[in-house]
Structure formats: structure tokens, C-alpha cells
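All remarks here apply to the structure that follows.
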Amino acid sequence: MPYELIMGDTELDSKVPDGPIDQKWTLYKQNAKLVLPANKRKYTIIIVGTGLAGASAAATLGELGYKVKSFCIHDSARRAHSVAALGGINAAKNYQNDGDSVWRLFYDTVKGGDFRAREANVHRLAEVSLNIIDQAAAQGVPFAREYGGTLANRSFGGAQVSRTFYARGQTGQQLLYGAYGSFSRQVHEKNVTLYNNREMLDLVVKDGKARGIITRNLITGEVERHAGHAVLLCTGGYGTIFYLSTNAVNSNGTAAWRCHKRGAFFANPCYTQIHPTCIPQAGDFQSKLTLMSESLRNDGRVWVPKKKGDDRHPNDIPDEERDYYLERRYPAFGNLVPRDIASRAAKKACDEGYGVGPTKRAVYLDFKSAIQRMGEDAVRERYGNLFEMYEEITGEDPYKVPMRIYPASHYTMGGLWVDYNLMTTIPGLHCLGEANFSDHGSNRLGASALMQGLSDGYFVIPYTLGNYLAQHQPHDELTTDTPEFEAAEKNVADNLKKLMEIGGERTPQDYHRELGKIVWNYVGMSRDEEGLKKAITDIRELRKDFWSNLKVTGVNEEFNKNLEFAGRVADYLELAELMAIDALFREESCGGHFREEYKTEAGEARRNDEDFCYVAAWEWNGDPTKPKLNKENLTFENVKLAQRSYK
Amino acid sequence: MSSTSNAMKFTLRIWRQKGPKDSGKLVDYKVDDIIPEMSFLEMLDVLNEKLAAEGKDPVAFDSDCREGICGTCGLVINGIAHGPLAGTTTCGLRMRHFRSGDVITIEPFRADSFPIIKDLVVDRTAFDRIVQAGGYVSFNTGSAPDANSVLVSKDASHDSMDAATCIGCGACVAACPNASAHLFTGAKVYQFAKIPQGQPERDQRVLNMITTHDKEGFGDCSNHGECEAVCPKQINIKTIAQMRRDYLVASLRT
């Protein structure tokens, strides 16, 4: 065994308020402590990241009167990767009169997450979803509309109602620009100060509380200290740990990981989402994979040939020789089964020899019936930009030839452990959006990431942060002149120096690619004990090699992408081991975590609620090979635990 | 997986400039083993990994999402911002649009208001300041009415979306002989001019944004239309016309 389980002894308190599920948030808000309006300006809040969670939090806290210092790794706040979300955002508005409700969105999300999320958080998310759409519409976000001028909806996976709001295939972009607009207004009002081109490289903890951060200026290399009364981490997920993913090339897990090493527990790192509909990899040169929105499964039909290794052109394969396997296996949800199920089904088809295309690692997503049913123009109106993107990348016209798709890393449900207040195990350090673990259990439903990021930023943190700050008087002056800042700054500077001085042969990208292959092969769509043990051993070897054979060109004191990447890969080499360890000790299958040893006769995920109905919150123990496991038991008082069925 | 049978070769003539205050020059690099499916930036990745392995300084360029939506990447390729393919960002451009053996000149987005940081990376924060001057609807979180209480016609929403799609890449500025950011600013003004939510601040928005635009040193528009030709989101210059009309009306009203 490469790792023997070490148990921690922390009692994790989720701080979920008392009361019936649909009253908890209301009661919380009624009882939360408040900060006097005139006192708010005395508090400085550090917000790292300017995606949906970070931008919406900065804007809202700025409006309330707090002094916000906002940090992003890009040149502009508008570039955060939320911008790339395509399909939509869920909200329980029931504008379609099709039976939706807060309860149903709550239920669908808990079930979609395979009963591994905290009920109270999910219910709050469903409640707040209503406000988000109002907020975004008032900002002038150009949502799709009906002829009468009301908002339009479409369907997404895991739901039998039509509750997804959208702006063509650019919903994330438009919601982000809405938040960025409000954020920019607060910059103009001087309530928010933007520090762009800054990467957070350490958290400063004083007297057990988060009191600041250390950043590197990505243009000058300067290492800087910033103090605040609270720190909000809104830095997204760690999907690029797979190297190839649908995330941006600068998306990374470094800020979260450095907080973990300062004492924030990391929850459920093995819960990663592999999205079923991405354009397949074409070669080793590839730097990223491109997502084709889940919304395409509204009208596209997934199939493979019934005959193994059928090399005919897809248009030459008649209907009766095609296996529409999702429609066959899951008649109730058909092509709109949740992502984990669709991804595994595609993998299974390819593993069994039914894959198509040059690499045989792809399935078809076919719009022929949709075009016949509603005409090419209607299809173009709904998905035009996606079809163009597909054609530009592959050189094939999806109006004429079915798309080829294959699953790819897309989102991480795991992240820093937070309580109901969105606070981590370090007092004062809060974590919002994809960077936390809280709302999606072991599988996120489509169109729920935008909802969660904005819920956390616009409507949750303004209340919970006030509740925290009200219990901590503002100091007369915030200072960075403390031994804790000095030590953290030295830690960062030493680490940068160490990376620069290894003087070996291999580039950071080279290590990242190799790490990505290990994680994809053994901690990807399906996992087993043997593979996970091998992954742990392989990652350790690679990490050792990294620290003796890395080559970083240039110097620290300049714009140096290689140095940026080197630091992120170094952290991934530690986080990857935790992912594998987490997956190894979760001896069940749930959502995105599929263990070959634990499946039903039909090949579906088999949960073990008796032994694993808990959040695995890992504690840093001074060494990536020795994490400690702490458990938060999950109790389901409102939703009955059941085997998830979409048949 | 990569095959060498259809490998392409290029001579890349790239602008190298150490820092904002240094003078720069074009330097030639050879790349081979480029396959047609590669994106333009992936070709530069190949070059950079080769340079890094040789212990040479890689070419600094910026990119992020690599799917044409974040607006981070942007190169002038053979004199055209974002390269030869219309409606495409640099990251979306594939090498199959070039011929093996080509000499390809690669330069940054040049404008006085976009100072060069290093090589092909420029500082476009002036765009942020234009937005800060008024590129939004002013209201505080929590005070919004029910989303369906304000009706917006399908056409207006569509029209607004066509402008809102701007990714803030700066190609319009790089292509304009006057280095004007009127397409960028016009797109934002237009987006709000077309919908009810944008009306209360309509005059103030256009006045403030144009004032900031000019203060940042961007030039005026003289109807060359180069911006529209290179815009990866194909934003129409009618947005500029609308902005100028709104500006005139707002100036007369205040």
C-alpha cells in the first residue's frame, strides 16, 4: 500500500442553521449579525479571482460599502474563464408552467450530485436562483427572449423541466460581462481596487485567522504583501490537472492548494467532472479541448454503429444499423441524462470497439432528425456559433455530417471545504464558486455552475461575511509589517528561486503533459484499486524528477510564462496524489467517481451509503504523501436516499 | 498520434522586444513538424518548447481560453489583426489556412494606447477604464424587479446581443489607421441603447465613455471600416454610427 490512511481528529461543524429546510436561509438572514453601514468602509476584503463568483462578490461588497481589493491573473477582470461557459444558467422560475419549483430544482441537484452534497446548501442555491435571473436581466444581459418579450428557456441534462436561461451559446460570457459591469462601476466609485496581472502565491494567517495574501506581479516578478480583514478565494477549479481539459490554459489550482497547505481542508478532490460532449483530441500537440455545449443534447442524438469497427461514412449507415444507446438505455431522459452517465456510456461504447473517427475514441452527435423536424435555420438560430466553432476546428460541417464527440475534463466538484457560511477551516478565509466543494455533490448538473458562482457572490457572501466581520472589530490600521507576512513572503520568494535554479532538462509543459496522462488514465472516468495505487507511485516519481530535472528559462523579474506554469505544475504534482488517495479510499461509485469494483449488474454506479455518506475533508500534514482524513457526515432529512435512476 | 506525413514548415518572422522601454526587432525562426490541425498558438507553443529546450528565451504571447471567447490572445499575422480568416480569433485560426513554406510575419497589436509589455504582449487596460466610465447599468444587487416584468422584444434582444458579443480583444484598435477604439466603445453603447434597461443612463453613458476613450489616447473614427473587417465577433460598424448619434443628442441635451 503506497499510503496508509491517517485519520484527523477535527470535528467539522457545517454550521447549518436549525429549522425546516425551506426556512433555514430565511432564519439565518433574520438572525445574522450586521455591520453598521458607516463601519463597513473600515473593513478591507481581499477577493482573489474575477470570474462569476469573484466579480459578483466584489461588486456587491463594494456596493455595500466595504473596501475591496480584487486580484486577477489576467490583464482584465473580464477574461476569467467563466466567460467560456456556453449553454445556460438554471433557475426555478417556472416561467414555462411545466411544474418547476424551488423544491424540484433542489431535488434534481441533490439527486444529480448522487446524494453527496449538503442538503441545506443546495436548497439555498435553489432559492437564490430566482434572484440571479432578476439581477442579470436588470443588468441588461441579453438573454434569449420569446416573441412576446418574456425570457426563453431550454432543457439541460438531469431535469424534466425547461429551466435553463441562456444567451445564445455564450451565456457565461454575458453573465460575466454583467458582473464585470457592476464590478467596473465599483472600481469607478473607488470601492473596489483592481490588482490585475497578479497571482496569489500564499495566504497569510495570523492568530489563526486569514489576514492577507502574498502575490507575484506577473509583469515585473515583484512579490507583494496585501492585508485584509477577510480573504475570499474565488479562483475556480483544478480541471487543468488533466493537462488537456476544456478549461483555459491559465486556469489553475495554485491559490486553493497554497491555502490548503496553510490549513484549509480540501474536500472530495476525486470528484471531477468529465464532460461528455467535447471535440476529440487530434494529436499530442494539442493544448486544450473544446467543449460543445450540453445544450446540443436537446436536439442532437448520440449514436454509434451497431457493428464494431464499422468504417462506413456516418451518412451511409442507415438508421436501423445505428445504436442510439442513450435513448435505448435511458428512455425517460434519453440524450439528456446527466454528464457522468453520458460520459461513461461514451467510454463504454469506445472501449467495446464501437468508437468512430480516426482515433476510434469518439461517438456521433447527430442533428439530422432536428434539421428534418424544424429546418436548418431553426437549428442555426439555436446552435449556430457552436456549429461554426466545430467546423473551424475539425474542418467538417455538422449540418451535413454528424459531429464527433468524446468526454474531456471540464469541472471539479471537489474543492476547499466550506461550512454554510462559505468559510473554510481557516477563520476569515472564505471560498466561493467552483473553488469550493459545497453544492454539486459528486456530479454537477449542466447550467448549475453559473448559478452557483453568482449565488455565492451576489446573494450568499454579503450576508455570511457580514456575520463574520461583525464578530471581529476592525483593527485601527491594517499592516503588512508582521512576522507572518515576512515569513510568507520569504516562503514565496524562496520557492520561486528554487524553481528557477533547478537547471535541469525538462520544461514545465512537458511535466504537465505527463502528469495529465497519469491522472486521465488512472484517476479519470473510471478508477480501480490497482490503477490508483499505480497512479500514486507514478505521481511521486514524477514529482521527484520534477524537482531535480526542471528547466525554467528567463528570470523571475519579467513576464515569464514558464515560471508561472512551473509553480502551478509543482502544486498539481501534489494535488494529483491527493486526488488518487481520495479516490482510493472512497470504496464506492458515485457521480463522477466511478470505481470498477463497485457497479450494479447493469454497469451503473453503486453507492455505499452505509459507509461513505460523508464528505472527505483532507488535512495537510506537512507532506503530500501523508494527508489526514476528516469526515463530515451527510444527513438527508428531506430527500430520500435512493439509487439514482434515469431510465 | 501526430503524423509527420502531412507536416508543414514555416519561417516565422516574429517581433521581439524585451520590455516596454526597449526597442524591438523582427527575428526569424524556423519551425517544422507543424500539422494542419494545429492552431496558430499551438504552433507558437511548439516553437517555444523548442526554444526553452535550447535554453533560449521563449516568445512571450498571451492567450487563455483558446476557444475564441476570452479576448486574451491577439496577434497581427501578415499585417492582419487575428490573421487571414474572417470572424476568427488568433487561437481559433488553424494552420491548414497556410501553405507549407510560407514566411509568416507576427507582430503585436500596435497602438499608442496599448503599450508593449514584452514581445507580443500588450497592455490593454485602457479598455477597462472605458468600461468603468459607464459601460453598465447602475443598480445595486438585490433591487432588481422580477425578470419578466420588463419585456424586451426578441429583435431588440437579438440586436443587443450582436453588440454584447464583443470580447474586448483590441483587434479593432490594431487595425484602425487612427488607432480608434470606436468599435469597442460603440458596441457597449449600442448594447444598452437597444434595450429598456439601458435607457435611464443613455446620455450620460455615451458622454462619459467617449470622454474616457479620448483621454486614453485612442483616435477618432474616419470610417475606414478596418475594425469591422478584423473583428473576430463580426461586430457591425452601425454600432459606431449609433454611438455618434447618441453622442450628438446627449451633447445637445446636456
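Could you tell me whether segment A:268-377 comes out rounded, prolate or oblate from its Cα gyration tensor? Rule is a ≥ b ≥ c as square roots of the eigenvalues, rounded for a/c under 1.5, then prolate if a/b exceeds b/c, otherwise oblate. Could the numbers behind the result be given before it?
Working: a/c = 1.40, a/b = 1.20, b/c = 1.17.
Note, shape of segment A:268-377 comes out rounded.
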| task | Please work out how much length the chain gains when fully extended from B:Glu201 to B:His158, using 0.36 nm per residue of separation minus the C-alpha to C-alpha distance, in nm with one decimal. | result | 13.4 nm
| task | Would you mind classifying segment A:425-536 by shape? Square roots of the alpha carbon gyration tensor eigenvalues, ordered a ≥ b ≥ c; an a/c under 1.5 is rounded, otherwise it is prolate if a/b is larger than b/c and oblate if not. | result | oblate
| field | Tensor-based shape of the protein assembly as shown (alpha-carbon gyration tensor, a/c under 1.5 rounded, otherwise prolate or oblate) | value | rounded
| Hey, what did chain A get for relative contact order, percent, Cα under 8 Å, at least 6 apart? | 21
| Expressed as a whole number of Å, what is the distance separating the alpha-carbon centroids of segment A:119-189 and segment A:530-597? | 35
| field | segment B:41-127: trypsin sites (Lys or Arg not before Pro) falling in loop per DSSP and having at most 11 other Cβ within 10 Å | value | B:Arg99
| remark: For chain B, the longest principal axis of the Cα atoms and the Cα long axis of helix B:182-193 enclose an angle in degrees, to the nearest 10, of 40
| query | Hey, what do the phi angles of segment A:380-392 turn into as Karplus ³J(HN,Hα) couplings, whole Hz, using 6.51/-1.76/1.60 and θ = phi - 60°, x for Gly and Pro? | reply | 5, 4, 6, 10, x, 5, 5, 5, 5, 4, 4, 5, 5
| query | When the chain is fully extended, how far beyond the present Cα-Cα distance does A:Thr537 get from A:Asn521, taking 0.36 nm per residue of separation? | reply | 4.4 nm
| request: About the Cα centre of chain A, how large is the charge dipole given +1 on each Lys and Arg Cβ and -1 on each Asp and Glu Cβ? Please answer in debye to the nearest 20. | output: 820
| request: Give a residue-ordered list of calculated ³J(HN,Hα) values for segment B:235-252 (Karplus: 6.51 cos²θ - 1.76 cosθ + 1.60, θ = phi - 60°; whole Hz; x for Gly, Pro). | output: 6, 7, 6, 4, 5, 5, 4, 4, 4, 5, 4, 4, 5, 4, 4, 5, 5, 6
| request: Write down the accessible area per residue of segment B:125-253 in Å², having rolled a 1.4 Å probe over the full set of protein chains. | output: 39
| query | Which whole-number percentage describes the relative contact order of segment A:530-619, with Cα contacts under 8 Å and a sequence gap of 6 or more? | reply | 24
| request: Set the Förster distance to 41 Å, then compute FRET efficiency between A:Glu596 and A:Tyr399 from the Cβ-Cβ distance, nearest 0.05. | output: 0.60
| query | Once both axes come from the Cα atoms, what is the angle between helix A:339-351 and the longest principal axis of chain A, in degrees from 0 to 90, rounded to 10? | reply | 50
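Using helices alone, what [θ] at 222 nm do you get for chain A, with -39,500 (n - 2.57) per DSSP H run of 4 or more residues, divided over all residues and rounded to the nearest 500? Before the final figure, lay out the partial values.
Details: 18 runs with 225 residues, N = 647.
Calculated from helices alone, the mean residue ellipticity at 222 nm is -11000 deg cm²/dmol.
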| field | Centroid-to-centroid separation of segment A:300-354 and segment B:177-238 [C-alpha atoms, Å] | value | 47
| What are the extents of the Cα atoms of segment B:8-118 along their three principal axes, listed from largest to smallest and rounded to whole Å? | 37, 34, 23
| request: Find the accessible area per residue for chain A; the probe is 1.4 Å, ligands and nucleic acids are left out, and the unit is Å². | output: 33
| Applying 1/(1 + (r/R0)^6) with R0 = 51 Å to the Cβ-Cβ distance of A:Lys307 and A:Asp494, what FRET efficiency is obtained, to the nearest 0.05? | 0.25
| Per-residue mean of other chain beta-carbon atoms within 10 angstrom of the beta-carbon, peptide A:57-67? | 2
| request: Please report, as a whole percent, how much of the solvent-accessible surface of segment A:60-205 comes from carbon and sulfur atoms (probe radius 1.4 Å). | output: 45
| query | Other chains' Cβ within 10 Å of A:387-394 residues: what's the mean? | reply | 3
| said: Given the options A:Ala370, A:Ala345, A:Gly355, identify the residue whose Cα lies farthest towards the positive end of the charge dipole of segment A:327-397 (+1 on Cβ of Lys, Arg; -1 on Cβ of Asp, Glu). | reply: A:Ala345
| Expressed as a whole percentage, what fraction of the accessible surface of segment A:277-404 belongs to carbon and sulfur atoms when a 1.4 Å probe is rolled over the protein heavy atoms? | 47
| remark: For segment A:483-633, the percent of accessible surface on carbon and sulfur atoms (probe 1.4 angstrom, ligands and nucleic acids excluded) is 44
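Set the Förster distance to 30 Å, then compute FRET efficiency between A:Asp528 and A:Ala32 from the Cβ-Cβ distance, nearest 0.05.
Efficiency, rounded to the nearest 0.05: 0.05.
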| message | For the interface of A with B, what's the total buried accessible surface in square angstrom, probe 1.4 angstrom, rounded to the nearest hundred? | response | 6300
| From the residues B:Ala53, B:Ala7, B:Gly79, which one has its Cα farthest along the dipole of segment B:1-136 in the positive direction, the dipole being from +1 and -1 charges on Cβ of Lys/Arg and Asp/Glu about the Cα centre? | B:Gly79
| query | Which length gain, in nm to one decimal place, applies between B:Asp32 and B:Leu252 when the Cα-Cα distance is subtracted from 0.36 nm times their residue separation? | reply | 73.2 nm
| What is the helix-to-structure angle for B:202-215, meaning the angle in degrees between its Cα long axis and the longest Cα principal axis of chain B, kept from 0 to 90 and rounded to the nearest 10? | 40
| field | Candidates per GluC sites (Glu not before Pro) in segment B:1-100, loop by DSSP, up to 12 other Cβ within 10 Å | value | B:Glu54
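The values are calculated or read from the model by the stated rules, or taken from the named source; none is laboratory data. All figures in this text were calculated on a predicted structure; none of them were measured in a lab. Here Cβ is always computed from backbone atoms with ideal geometry, including for glycine, and neighbour counts include all displayed protein chains. When the accessible area is computed, the model is the full protein with side chains, heavy atoms only, and any ligands, DNA or RNA have been set aside. Shrake-Rupley method; radii C 1.70, N 1.55, O 1.52, S 1.80 Å.
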